[in-house]
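The values are calculated or read from the model by the stated rules, or taken from the named source; none is laboratory data. Predicted, not measured: the structure shown is a model, and the values here were computed from it. Here the Cβ positions follow ideal geometry from the backbone for every residue, glycine too, while neighbour counts run over all protein chains shown.
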Amino acid sequence: MHKTLPTRADFRFFHRLRVRWAEVDMQKIVFNAHYLMYFDTAMADYWRALALPYEEALRQLEGDLYVKKAGVEYHASARYDDQLDIGLKCARIGNSSIQFTGGIFLGDQLLVTGELIYVFANPATQTAKPVPPALREVLNGYEAGEAMVDIRVGTWDALAEGARQVRTEVFLQEQRIPVDMEWDEADASAVHAVAYNRLGMPLATGRLIQPAPGVARIGRMAVKRVQRGAGLGRDILHALLQAAEQRGDREVMLHAQCSAEGFYAGEGFVPRGASFDEAGIPHIEMVKPVAG
């Protein structure tokens with residue numbers, strides 16, 4: 001019986017990479033073993049798309065995932081400097097196993113198909129246990145096109161616990177900002193936004209204050225390290241911009257870390273003035289008019 005091969009349309013998730021020189025042989029063709037590495041790399045990004053920080057999420061789910069089976073089928077070769085798209089799909093969830101199918105594409109050409117089967121197990125004994133309903137719901141929801149993140153906008157009283165958790169991890173632990181520079185009286189009157197995943201874990205946050213009538217200031221923008229690159233910072237920014245518009249502000253400004261200037265520029269903010277030091281980190285003031 002003729003086997004039907006997957007096409008790009010069969011996958012919602014794609015991870016993009018470019019073939020490096022170290023991954024090819026003398027004919028500039030990718031070594032076969034590297035295709036499994038490509039699928040493994042894509043899997044890490046798949047978890048980011050699920051809005052699940054892997055270690056933290058699996059700890060909350062009281063288990064871990066172990067590879068039971070991994071296989072690839074070759075149809076054509078990738079070459080040095082090719083830009084590849086690795087598609088992944090959760091194809092089946094059994095009692096304790098999760099099956100993923102994959103495809104590696106060069107444009108629309110299918111180069112390699114793959115299958116990865118994981119077993120959910122007790123990390124202490126490595127004995128299989130049922131896939132938790134919460135994980136099953138996340139995987140099925142993602143493949144059905146449902147949102148993986150809930151952005152909540154509200155007061156400090158309502159969102160303090162989640163905002164504190166993210167800001168502590170990013171600003172105090174990662175960036176080593178002094179505690180007395182992080183927490184201030186503005187939190188109590190600010191509008192806050194926090195992104196939560198389907199397990200109720202806070203992943204990103206930001207706040208909106210009003211330093212002058214008609215002027216909004218966005219600050220304390222933070223995304224947990226393992227979730228960066230998944231668009232959560234943009235989601236938080238958009239939620240706060242909408243809050244400023246609804247409040248009737250005419251301008252939004254912020255002090256961007258210079259490393260994030262490009263991100264804010266892409267969202268319509270423009271620099272104002274020279275860069276300056278804040279909490280030992282280079283910053284630049286940026287501003288954007290509020291649409292209205």
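Does GLU62 satisfy the criteria of being under 23 Å from the mean Cα position of the chain (by Cα), part of a loop (DSSP other than H, G, I, E, B), among the acidic types (Asp, Glu) and exposed (fewer than 14 other Cβ atoms within 10 Å of the Cβ)? So GLU62 passes the test.
Within the range 155-167, the set of residues being surrounded by 13 or more Cβ atoms within 10 Å (Cβ to Cβ) and either out of contact with any Lys or Arg (no Cβ under 7 Å at 6 or more places or on another chain) or in a strand (DSSP E or B) (or both) comprises THR155, TRP156, ALA158, ALA160, GLY162, ALA163, ARG164, GLN165. All conditions in (1) without any contact (Cβ under 8 Å) to a residue 40 or more places away in the chain; (2) more than 20 Å from VAL166 (Cβ to Cβ) hold for GLU245, with the sole exception of (1). Screening THR113 on (1) assigned by TED's automatic domain parsing to the domain that holds LEU237; (2) surrounded by 19 or more Cβ atoms within 10 Å (Cβ to Cβ); (3) out of contact with any Phe, Trp or Tyr (no Cβ under 8 Å at 6 or more places or on another chain) shows it passes everything except condition (1). The residues of the range 7-33 that are closer than 22 Å to ILE117 by Cα and crowded, with 17+ Cβ neighbours inside 10 Å, listed by number, are PHE11, PHE13, PHE14, HIS15. Do the conditions hold for TYR118, that is, is it free of Cβ contacts under 8 Å to residues at least 60 places away in the same chain, outside any loop (DSSP other than H, G, I, E, B) and surrounded by 15 or more Cβ atoms within 10 Å (Cβ to Cβ)? Taking the combined requirement at face value, the residue satisfies it.
With respect to ASP277, determine if the residue is modelled with pLDDT of 95 or more and more than 19 Å from GLN210 (Cα to Cα). No: the conditions fail for ASP277. Note on the range 217-242: among residues that are touching a Lys or Arg at 6+ places or on another chain (Cβ under 7 Å) and crowded, with 19+ Cβ neighbours inside 10 Å, the one that is farthest from GLN165 (Cα to Cα) is ALA230. Taken as a whole, the condition of being in a loop (DSSP other than H, G, I, E, B) and either among the charged types (D, E, K, R) or in contact with an Asp or Glu (Cβ under 8 Å, 6 or more places away or on another chain) (or both) applies to GLU146.
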